[in-house]
Structures are given as C-alpha cells and as structure tokens.
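The values are calculated or read from the model by the stated rules, or taken from the named source; none is laboratory data. Keep in mind that this is a model prediction, so the values were computed, not measured. For neighbour counting, all protein chains shown are included, and Cβ atoms are generated from backbone atoms with ideal geometry for every residue, glycine included. Quick note on the areas: whole protein, heavy atoms, side chains included, nothing else; ligands and nucleic acids left out. Shrake-Rupley method; radii C 1.70, N 1.55, O 1.52, S 1.80 Å.
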Amino acid sequence: MEKKRKLNVLSISDKVRLIQLVEKGDRKKCEIANEFNIPPNTLSSIIKQKEKIMKFNCGNMKKMRMTPYLDIDKCLLKWFTQCRDKNIPLSGTILLEKANEYAQQLGHTNFKASSGWLTNWKKRHDVVFRTVCGEKASVDTHCCSNWIKNLPDVLAGYSSNDIFNVDETGLFFKCLPDKTLMLKGKECSGGKYGKERITIMIGSNMSGTEKLKLFVIGKAKKPRCFKGIKSLPVDYRSNKKAWMTSSLFSEWLLNFDKKMKIENRKVLLFIDNCTAHNHDVELSSIKVHFLPPNTTSILQPMDQGVIQNFKMFYRKEIIRRLVDNIDNNESFSINILEAIRMSDKAWRSVTPQTILNCFIKAGFKDGDIIALDNSTTISDDKWNFVADHLNLEDKNFSHYVEIDNNIHVCGTWTDNEILSETIENTSESEDEPQKEEEVIFTQVTIQQAKDALKTLRHFVETTTGMDDTAFSALNNLEDVVAEKSNIKQTLMTDFFKKK
C-alpha cells in the first residue's frame, strides 16, 4: 500500500516566496513544488490565487483571516514601521498601549489589546523584536576621506555604466519668483506650502549614459488634471505628505532590480541613510551600498550638482513660460501635470558630462572636472523683464533656484496623520482653486496626430537656424505614430479575418 503523503500547509509568506520563484522563470514548476513539499496541483492553485495572496501578504499566518479591526491594524503597523526605520526600540507593552490609543481615537470602545491579539498582529505582519545596536553619530571630513580612500575596493568589478546613485529632492512646483523671499529657508514639512510641493527621486549611472526615469511623489492619488491621461514620462505615486516612504522605495527598488535582471546586469547602487531607504526585499541584480551617515553634502554624487542642475532647467522653463504669458496678457498657473512635463524636460536636459563631473567631485572617479557652458542660466533680458514685471526685491536667479533646498522628503507621521491616512486613504483630487477651469483630454486619433506632425515639420523647415535635434525629434515621433498606426491596422485585419 502506497504511503500517504503528509499534508504540508504553507504560510502566507511561503506562498509569496513560491509565487516570486515561479515569476522569476529560471526553474521548472515541478522543482519549486518539490522544494516546498507540495504537489504540482497545489502549486497551480496557489498561482491562481496570486492577487489575493499578494494583497493579503501577512507573514507567517497560514489562513487568510481578516481582522475585524483592520483600521487599528494598519495604524499600528504604520507607526511601528516608522519607529523601526528610526531605530527606536519597542516592546510588546508599548505596542499594546499604542493599539489601545488608536482604538479610542477610532471609536472602537469594545476593543482591548491583549497579548493574544498582539501575537496574531505580529504573525500577520511578520514582526519580530530585535535588539537595536549602535547609534548614528555625526561624521567629520576625516571619515569622508577614509571612505573615499576605500571606495576603489567597493567599486572593483563594476564598470562606470553599472554604478548608480539616487537621491530625493523636494520641489515647490508652482512657485513663481515673487514667492522667493517668503519661501526661502522654509523646511516645509507640511501645512500651507506643502500643498504646492512634490518629491522627486533622481538617479543615474556614473557615466551619465543611463538617467533613470524620475520617480515623482505628489499628494493626490488621481489629480483632476490627469483625467484622460494614459501615459506619463515619469513614475507617479502619492501620499498625503508627498514624501518618500520605505514602502514606496522598496517598490521602486524591486522594479529597478527586475529591469536589471531582464538586461542580465549586476549593478551597484549607492544611497544615503534616509529613514525611507530602509528596505527588506530580496534583490538578485542590485547590490545596495549605504553612504556614511550625514555625509551626503560631500559624498553623494546627486548632491554635488546634478539636482541643482535639474532645478535650474526647471526654473528656466517656468521663466520662459511666464514671459510668454506676460507677452500674451494671459494668467499663469502650473498644475501637477505641467510640473511633471517640465520636470521630465529638465531632467533630459542634464548632460552626461554634468553627471560624470559630480561623480568625480564626490570621489568616485579620478579625473578633471570639465567646465560646461552656461546653458542652464536664464538670459539677463528675460530675467530682468520678469523681475520688473513682478516688482522683485531679490533679483538673483540663483536664489530662485535654491528656494526649496530645505524641503523635507521623508519624516515622521503624527498620530493624526496616520489616522487620517488610514480612514480617508489617499485624496482623489488635487487641492487646486475651484475657479480654475478643469481641462479634460480627449483621445487623439492617429490621423490627427499625423496632421499635427505635418504642421510641426512645416514649421521646422520654414524656420531659419533649426539644428539637427529638431529634425531628429520629428523623425522619432513620426516613427512612433507610424508604429501605432500599423498596430491598429493589424488589429482591424485580424478582426475581419475572424468574421
């Protein structure tokens, strides 16, 4: 008589790991099933429940039971995560007390946090208590010198194309030059000016040949100006503070790792010790290396001029548009969609040599910093025209560029903010003045796009002094439209064949 197979019940975290192994695609499903000691049909059932499992994803729990106090659960997890990111030691007693506080604030009078509830909460979220070791201290220039001295050993085996750095910066995307004196030096962790800011993560490889797509974090989940928009030149996410968080950074990191794996590359990523950069994800193609604490002003390449260069291009674009509006006697305003477009344009304008210069300045590479032209500066005529029109007291363009240097890009959420985020989720609409007319983008047909490109080509060909970049951009756009047209024709042909 054949021996009966012993039933093996997988935890939720095991199922998540199993799904990830299947998605990697480098092993047979039967091998993965054997590793987890389950039959192939059980594996197939788990894969069919992928969305439910990945959404639930609660650590060592074996059954997908939903807690009746989900809001308390989420609030406590968010509070616990930010305490952990800041290396604040926590005990079970502290967590029970905090859970009871949230229960009172949420109106759950019958809830009482017990040791049993806490045990299940820890299982749901795979929480373990560990001793917090060490303490972050300020780092002097001597520490920076030693780090740069040992850097060649860290970089060994990686080409300049496979060494990356990313960093976040805050941006007052709506700010005009007449607000410079009001906003300069403000840290803007929230409040009035927080409504007019976004956080942008900027990154590139050392050679400057691979600038990563901007990762933009706003306050609104679905801004009104996004209505009808299906493609953006950046990755956009949101939360009520427009901050980078550990969950958002982990999401970005996993996507970057997936991209590198598809390209069959092994890369080295340098990041600072921002609390949001704490991550707990398995990476197959990226090796993460942290910069020493409190050294970003010296050692982080993006802080050596890349972000500054990006902001100069962004502010320059605002001035250019402002001049056009003044000339045409039109009102001027910027929404999040226009800010994304200008940010993408500004990032594409940052040259590879600028990026390489900043890596050299940060000690990543020996060599001379090559002086570049002043294409990022605004012309005196345009700036003076705007300054006079707005009656500016501070007529220094560089001050306008630097107004948001001190914006917080991450931080600690208060209890009220955690509760508000949990109850309301994320705001669905952008906090814009109601008097502004809402623009709805309608679908543009292939023929309309072709006609618009003909008009653009006629403009380029009948204008004196057009350089090759304009013709190159037109050719690329015409190829994109032609490709979309061919896809549509193929779909129509297939449709009639079925008939």
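Quick notes
- Which numbered condition Val128 fails, given (1) out of contact with any Lys or Arg (no Cβ under 8 Å at 6 or more places or on another chain); (2) open to solvent by 70 Å² or more (accessible area, probe 1.4 Å); (3) at pLDDT below 80: (1)
- Test for Phe249: is it under 21 Å from Arg197 (Cβ atoms) and at pLDDT 90 or above: yes
- Summed over segment 105-122, residues that are farther than 24 Å from Glu417 by Cβ, part of a helix (DSSP H, G or I) and open to solvent by 70 Å² or more (accessible area, probe 1.4 Å) total 1.
- Lys395 vs. criteria at pLDDT below 70, open to solvent by 70 Å² or more (accessible area, probe 1.4 Å) and of a type in the set (Lys, Arg): yes
- The set of residues in segment 199-217 that are of a type outside the set (A, V, I, L, M) and either part of a loop (DSSP other than H, G, I, E, B) or surrounded by 21 or more Cβ atoms within 10 Å (Cβ to Cβ) (or both) comprises Thr199, Gly203, Ser204, Asn205, Ser207, Gly208, Thr209, Glu210, Lys213, Phe215.
- Boolean, Lys230 is free of Cβ contacts under 8 Å to residues at least 24 places away in the same chain and either open to solvent by 50 Å² or more (accessible area, probe 1.4 Å) or assigned to a helix (DSSP H, G or I) (or both): yes
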